[in-house]
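The values are calculated or read from the model by the stated rules, or taken from the named source; none is laboratory data. These figures come from a predicted structure and were not determined experimentally. So basically every Cβ, Gly included, is an ideal-geometry build from the backbone, and we count neighbours across all protein chains shown.
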Amino acid sequence: MSSSPSNLSLNGPFGGHGVPSSAEVVETTEMESSLIEQIADNLARGHPSVAARVLLRGRALGLIPRSTPATSWLTAHLNADAVQPIAEAIASLPAPCCLNGFVPCPQCDSSGTDGAQHCDSCCALGVQRCDFCDGTGLMQYHDLPEDLIPMIARRRLGIVADAMTALESTTDDAGRDAKKLRVRMLNTVKLLGVIENVVTQLPHLSPEHVNEIHELHRTSGQLAGTLKPRRTATLSALGECWRERCQAKVDQSEPACDLAAYFTDLAARPGLARTVLANPFLFVEDVDTRNKAPGD
Ligand SMILES: [Zn+2]
Ligand SMILES: [Zn+2]
């Protein structure tokens, strides 16, 4: 499908009479030139994220045909060197749907508890993974130029690897602090979500990316395999942390003893199926088999 000015004039922001007039054709051309200028200018000034947003807005408005690979469009109108910085900037653009991948848990009003009991809906974390971005806080792949997806996915896995290193260096000072452990748990959930999103995207990539697909699959498996025991260790540490508070009876009204038992139980389960923490596309143990007949 090619993008003609009539695409814009049907229901878009540029008028509603369907048949393009010559004035609209000129306007579109001018708008495309303006897009190119804005992208070039922002790249030159070291603002690739702004350049990336301009490119995506141009596609959303139909000024850049969605059927045209972004690589071809950028190479034709700017140069091939523009492709990588823009793809890498797109990789970290935040999703517009939520705050960093999470939404407040409506069940417990973000408290993580329901009276003296933990909240099952959010695994006592007070937030749930955003449905739209799968808890990644990043733009969904289906909104992005398809030809850039392998590059974007590779960059995102690189960000995950860096974040894992940073998370590791804070291991000691999270200690027995339930708030810090909760943040570490949420970070782990988010990083697993980013990897899971890459994995679920791979079958949709064009076979021409076969080498990149293999590489992304391998890297995703390595990162997820390293994060999984950390997920368990953090749940375990949360259990320990609440157990100390339960035994010390710091606050009789808080559900410390229930939380201690709950997190300890989660850490001991082979998978987290049937919880909001599950990553069924990464770990077979996390697949919910409730509705499957034996042998399925
Ligand atoms: Zn909740
Ligand atoms: Zn979201």
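When segment 69-91 is filtered for residues that are assigned to a loop (DSSP other than H, G, I, E, B) and within 25 Å of the chain's Cα centre (by Cα), only Pro69 remains. Checking the structure you have, find out if any residue of segment 188-209 is assigned to a helix (DSSP H, G or I), more than 20 Å from the chain's Cα centre (by Cα) and either at pLDDT 95 or above or under 30 Å from Thr264 (Cβ atoms) (or both). No: zero hits.
Among the residues of segment 101-112 satisfying the criterion of being surrounded by fewer than 16 Cβ atoms within 10 Å (Cβ to Cβ) and not charged (D, E, K, R), which is nearest to ligand 2 (Cβ to nearest atom)?
Taking segment 101-112 first, the residues surrounded by fewer than 16 Cβ atoms within 10 Å (Cβ to Cβ) are 104, 106-107, 109, 111.
The next check asks that each one be not charged (D, E, K, R); those that pass are 104, 106-107, 111.
Working: Pro104: 13, Pro106: 15, Gln107: 18, Ser111: 21 Å.
Among those residues, the one meeting the criterion is Pro104.
Only a single criterion out of (1) at pLDDT below 95; (2) under 21 Å from Arg154 (Cα atoms) is not satisfied by Arg66, namely (2). Among the residues of segment 121-144, those that are part of a loop (DSSP other than H, G, I, E, B), touching a helix residue (DSSP H, G or I) at 6+ places or on another chain (Cβ under 9 Å) and farther than 29 Å from Ala60 by Cα comprise Cys123, Ala124, Leu125, Gly126.
Is it the case that some residue within segment 106-124 is aliphatic (A, V, I, L, M) and modelled with pLDDT of 95 or more? Yes, some residue in segment 106-124 is aliphatic (A, V, I, L, M) and modelled with pLDDT of 95 or more. Taken over segment 113-140, the residue count meeting the criterion of being crowded, with 16+ Cβ neighbours inside 10 Å, in contact (Cβ under 8 Å) with a residue 60 or more places away in the chain and more than 13 Å from ligand 2 (Cβ to nearest atom) is 7. Return a yes/no flag: does segment 80-97 have any residue that is at pLDDT below 95 and farther than 24 Å from Gln38 by Cα. For segment 80-97, residues at pLDDT below 95 and farther than 24 Å from Gln38 by Cα: present.
Which residue, of Gly239, Gly271, is more than 17 Å from Arg182 (Cβ to Cβ) and buried (at least 16 other Cβ atoms within 10 Å of the Cβ)?
Numbers: Gly239 fails: more than 17 Å from Arg182 (Cβ to Cβ).
Selected residue: Gly271, the only one of Gly239, Gly271 that is more than 17 Å from Arg182 (Cβ to Cβ) and buried (at least 16 other Cβ atoms within 10 Å of the Cβ).
Checking each residue in segment 60-99 for being surrounded by fewer than 16 Cβ atoms within 10 Å (Cβ to Cβ) and within 16 Å of ligand 2 (Cβ to nearest atom) picks out Pro94, Pro96, Cys97, Leu99. Every condition in (1) without any contact (Cβ under 8 Å) to a residue 24 or more places away in the chain; (2) within 21 Å of Arg129 (Cβ to Cβ) is met by Arg231 except one, and the failing one is (1).
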